[in-house]
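Reviewing the structure listed below.
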Amino acid sequence: MTTATVGLLAGLLVGSESTLVTVLRAKLKLVEVLTERSLVVLGYPSVDRANAVAELGAELRLQAELLNEQRTRRSLSPDVTAESYAAAGAYHLGSSDEVAESLGSDPALPWATDLLFQVGQVGPGHARTRRALERLALEVAPRLGWRPSCTRSRSE
């Protein structure tokens, strides 16, 4: 059976009331369980939450605008503001302690072997992004029990 046929058949079987199907044969392809899992999060530690929100202002406005475009296409009210977007928890924002606490409550974190941070598409500029990355490495990660797998000297 081709992939297109399987897709068509699945579409016919799913969602119909009173549909009775008997599976006579199934072929499974088992895949290897990954030993490494990455968790990608939007995070930005700063002095405190108010500063984080202010420093990411352009990014939060862009994300709210993009979300409102999607909401409009789905006939939903485009009422997301930068403030409501930040408050919704899409970003882990605040002081290093607040970001660590927010990340620590993420149910996916215990399963991750790698943690990848994304500041956003617009970002707060080079200097602030660099400082946020330093906070992530030196303050947030250790609070979560993460340690570097290797260290490099500053001269490298």
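Each value in this text was obtained by applying a stated rule to the coordinates, not by laboratory testing. Just so it is clear, the structure is predicted and the values come from calculations on it, not from any experiment. When we count neighbours, we look across all protein chains shown, and the Cβ atoms used for this are built from the backbone with ideal geometry, even at glycine.
Annotations for the structure displayed:
- Annotation note: trypsin sites (Lys or Arg not before Pro) in the range 18-118 located in DSSP loop regions with a Cβ neighbour count of at most 14 within 10 Å are Arg25, Lys27, Lys29, Arg37, Arg74.
- Which of Val122, Ala132, Leu109, positive extreme of dipole for the range 94-137 (C-beta unit charges): Val122
- Estimated distance in nm for a label pair at Thr35 and Thr113, the labels positioned 7 Å out from Cα along Cα-to-Cβ: 0.6 nm
- Averaging the sequence gap over all C-alpha pairs within less than 8 Å and six or more residues apart, then dividing by the number of residues, gives the range 38-143 a relative contact order of 44 percent.
- Spin-label pair Arg143/Leu28, simplified geometry with 7 Å Cα→Cβ offset, distance in nm: 4.2 nm
- Charges were assigned to the Cβ only: +1 to each Lys and Arg, -1 to each Asp and Glu. The resulting dipole of the range 38-143 about its Cα centre is roughly 260 debye.
- Counting beta carbons within 10 Å around each of Ser105, Ser96 and listing the fewest first gives the order Ser105, Ser96.
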